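The values are calculated or read from the model by the stated rules, or taken from the named source; none is laboratory data. Owing to the predicted nature of the structure, the values given are computational and were not obtained by experimental measurement. Positions of Cβ are backbone-derived with ideal geometry, glycine not excepted, and every protein chain shown enters the neighbour counts. Surface areas here come from the heavy atoms of the whole protein model, side chains and all, with no ligands, DNA or RNA. Shrake-Rupley method; radii C 1.70, N 1.55, O 1.52, S 1.80 Å.
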Amino acid sequence: MTIGEAIQQRKFNTEHEKAIINILYTGSWLDTLTIQRLKKHSISPQQFNVLRILRGSHPGKLMLAEIANRMIDKNSNATRLVEKLRVKGFVKRELCESNRRQVDIEITKKGLDLLLEIDSETDSWLGQFKNVTKAEMTELNRLLDKLRG
C-alpha cells in the first residue's frame with residue numbers, strides 16, 4: 001500500500017513532503033508493531049531500549065546520563081524508565097563508591113534473561129519484513145543516515 005493510499009491523500013506538494021510524511025507514518029507503524037511485540041513481556045519499547053543499552057555495556061555499569069544519551073527516543077524520561085525496570089527486577093542501581101553523587105545502573109540476570117527470551121523471537125518478528133531484501137535494507141539505512149546528515 002502506498003502512503004497516499006494509507007492516508008487517503010492523492011497529492012503531495014513535493015516528493016520531499018511525501019517522503020517525510022511516509023517516514024513519520026512508517027515510524028508510527030513500526031512503533032505499534034514493537035509495542036505489540038513487547039506487550040507480552042510487560043515492557044515498553046523505551047524500557048526495552050534501556051535494557052539493550054545496559055546489555056551492551058554489561059558487565060560494566062552506566063550512569064543515567066549515559067543511558068539517556070544513547071536512547072532512541074530522546075524525549076523519554078530515563079529516570080522513570082530505570083525506576084520501573086528496577087521495580088521489575090531487571091536493573092539495579094548503586095551509589096558509586098568513588099563519587100557518592102553518582103548512581104551506577106546495571107542490568108540484572110533477570111534482565112539479561114528477558115532479553116534472551118525476546119531475542120529468541122526476533123527471527124519470527126523480522127519475518128514481517130521479508131518483502132524487503134537485505135540490499136534494499138542496506139540502501140534504506142544509507143538513505144536514512146544521509147537524511148539525518
Run down LEU33, LEU38 and say which single residue is within 30 Å of ALA19 (Cα to Cα), part of a helix (DSSP H, G or I), touching a residue at least 12 places away in the same chain (Cβ under 8 Å) and in contact with a Ser or Thr (Cβ under 9 Å, 6 or more places away or on another chain). LEU38
Give the range 108-136 a look and list any residue that's part of a helix (DSSP H, G or I) and open to solvent by less than 70 Å² (accessible area, probe 1.4 Å), or say none. GLY111, LEU112, ASP113, LEU114, LEU115, ILE118, ASP119, THR122, TRP125, GLY127, PHE129
For THR26, indicate whether it is in a helix (DSSP H, G or I), touching a helix residue (DSSP H, G or I) at 6+ places or on another chain (Cβ under 6 Å) and β-branched (Val, Ile, Thr). no
Using the structure shown, decide if ALA6 is over 16 Å from the mean Cα position of the chain (by Cα) and either small (Gly, Ala, Ser) or open to solvent by 40 Å² or more (accessible area, probe 1.4 Å) (or both). yes
Picking from ARG101, ARG93, ARG55, which residue would you name as being assigned to a helix (DSSP H, G or I) and charged (D, E, K, R)? ARG55
I want to confirm something. Restricting to the range 65-76 and keeping residues that are at pLDDT 90 or above and open to solvent by 20 Å² or more (accessible area, probe 1.4 Å), which single residue is farthest from VAL103 (Cα to Cα)? ILE72
